[in-house]
């Protein structure tokens, strides 16, 4: 049985076309209840979804899927494509600010922008995004994709197999997950350091993943 690990690229030593600036432009800045990531609460399946995610987002070339924290944020199109899969939930996000600033992987012309250079070095990309002029562009609805955490569901299964994988193209890390066909049938999308999808779930959304910002590994269960 095939399944897939989708890794959000957040280390840039091996990614010459993107760095932290491109990351912030693509994923945006999330907050919940006035608290910004990484300090805000991360919802998982079973939580009461009381406080929506709030985003500061560059909507230039906005993707169908992006990931400002642990959970993906997906367009209404992707939400519809995932309809019918068990044990996932959605919560509509709020855009507290949207901006339009042109950027492309491999383009470093932003380093000549005086407003960018004026920002504090330690938080330059975030501060630059927050300081850009607000756009009036209308965009469609987006939703936080809520899935279970592996640690919360793995005790339901006695047939788990340990599967290792490496992120050699984007990171020096080796990772592993304990999974089984039964687990992925019941929980076709789940999180454990990376986002894991059953073959069915992955096939529904694969074309919506921007591979400049996500790294995909195909994994195999016996």
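The values are calculated or read from the model by the stated rules, or taken from the named source; none is laboratory data. Quantities reported herein were computed from a predicted structural model and do not represent experimental measurements. Positions of Cβ are backbone-derived with ideal geometry, glycine not excepted, and every protein chain shown enters the neighbour counts.
Applying the criterion of at least 2 residues that are touching a residue at least 24 places away in the same chain (Cβ under 8 Å) to the helices (runs of 4 or more DSSP H) found wholly in the range 75-135 leaves 76-81, 124-131. Restricting attention to the range 23-55 and to residues that are more than 15 Å from the chain's Cα centre (by Cα) and touching a residue at least 40 places away in the same chain (Cβ under 8 Å), the residue that is nearest to residue 130 (Cα to Cα) turns out to be 52. If you go through the range 123-151 and keep only what is over 17 Å from residue 24 (Cβ atoms) and surrounded by fewer than 17 Cβ atoms within 10 Å (Cβ to Cβ), you end up with 136, 137, 138, 139, 140, 141, 149, 151. Apart from one condition, residue 120 fits all of (1) buried (at least 17 other Cβ atoms within 10 Å of the Cβ); (2) in contact with a helix residue (DSSP H, G or I) (Cβ under 8 Å, 6 or more places away or on another chain); the exception is (1).
Restricted to the range 181-202, and to residues there that are over 16 Å from the mean Cα position of the chain (by Cα) and surrounded by fewer than 20 Cβ atoms within 10 Å (Cβ to Cβ), the residue that is nearest to residue 221 (Cα to Cα) is 181. What's the number of the only condition in (1) closer than 27 Å to residue 15 by Cβ; (2) within 20 Å of the chain's Cα centre (by Cα); (3) surrounded by fewer than 15 Cβ atoms within 10 Å (Cβ to Cβ); (4) at pLDDT 95 or above that residue 174 fails to meet? Going through (1) closer than 27 Å to residue 15 by Cβ; (2) within 20 Å of the chain's Cα centre (by Cα); (3) surrounded by fewer than 15 Cβ atoms within 10 Å (Cβ to Cβ); (4) at pLDDT 95 or above one by one, residue 174 breaks only (4).
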